Amino acid sequence: MAAFAYDPSRSGEAAERLIGTGDGNLCVDGYSGYVESTRDNRTRSGCWAHARRKVVFESRSSAPDADELLDMIRELYKVERDAANDEVLGSAEHLQSRQEQSRPVLGRIDTWIAERQCSTPPKIRWGRR
């Protein structure tokens with residue numbers, strides 16, 4: 001199940017109320033209030049919109065190769081946009097598109113970050129360890 005829920009408190013307790021004892025993935029921003037909600041049987045995953053915003057910020061502060069990373073993120077967005085346009089969001093066809101198209105891009109992003117981590121200054125996000 002996928003759901004969007006808003007709670008004005010931004011408390012981790014809001015996530016607990018929503019998902020109870022369920023397991024799976026909890027897609028949240030980097031706010032530390034959600035750490036407790038993902039300790040046991042849940043995986044905390046990040047949001048590409050938040051990640052993209054950080055890359056855009058870095059590109060404006062003259063980070064090397066930021067545009068290359070933004071291009072890869074655009075490829076991920078295109079898969080989702082195509083699924084929405086084809087009205088197949090959440091379907092087996094959408095999952096197949098993600099596996100065939102998004103998974104290789106995610107692998108390239110992972111490699112891209114790993115290759116730059118040691119040679120990029122720590123003031124730039126992908127230079128941090």
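The values are calculated or read from the model by the stated rules, or taken from the named source; none is laboratory data. Please read these numbers as outputs of a predicted model, since none were measured by experiment. Positions of Cβ are backbone-derived with ideal geometry, glycine not excepted, and every protein chain shown enters the neighbour counts. Side chains included, ligands, DNA and RNA excluded: accessible areas come from the protein's heavy atoms. Shrake-Rupley method; radii C 1.70, N 1.55, O 1.52, S 1.80 Å.
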The chain - charge dipole about Cα centre, Lys and Arg +1 at Cβ, Asp and Glu -1, debye rounded to 20: 620 debye
Net charge contributed by nearby residues that have their C-beta within less than 15 Å of Ile19 (K/R +1, D/E -1): -2
Accessible-area composition of segment 21-92, carbon plus sulfur, in percent [1.4 Å probe]: 48 percent
Separation in nanometres of the label points that stand 7 Å from Cα toward Cβ, at Leu106 and Phe57: 2.4 nm
Cα-only radius of gyration and Dmax that characterise segment 63-104, units Å: 12.0, 38
Among Ser45, Leu106, Ser119 - extreme Cα towards positive end, dipole of the chain, charges at beta-carbon: Ser119
At R0 = 22 Å, FRET efficiency that the Cβ-Cβ distance of Cys27 and Ala92 yields, to 0.05: 0.60
In Hz, Karplus ³J(HN,Hα) per residue of segment 5-17 (6.51, -1.76, 1.60; θ = phi - 60°; x = Gly, Pro): 9, 10, 9, x, 7, 6, 7, x, 5, 5, 5, 4, 5
Net charge over other residues, Cβ less than 11 angstrom from the Cβ of Glu93 (K, R count +1; D, E count -1): -3
Gained length - Glu36 relative to Glu75, 0.36 nm times residue gap less alpha-carbon distance: 10.8 nm
[x] 8.2; [y] 9.4; [z] 11.6, with the label sought being that of the calculated mean projected area of the Cα convex hull in nm²: [y]
Interchain or long-range residues, amide H under 5 Å from Leu26's placed H: Thr43, Arg44, Ser45
Inter-label distance for Asp65 and Tyr6, nm, one decimal - labels placed 7 Å from Cα along Cα-to-Cβ: 3.8 nm
Cα→Cβ-extended label distance, 7 Å offset, between Gln117 and Arg17, nm: 3.8 nm
Bins of 5 Å, starting at 0 and running to the largest distance - Cα pair percent for segment 23-94: 3, 14, 16, 15, 18, 17, 12, 3, 0
Summed residue charge, Cβ within 15 Å of Gly33's Cβ, Lys/Arg positive, Asp/Glu negative: 0
Probe 1.4 Å, accessible area per residue of the chain, Å²: 71 Å²
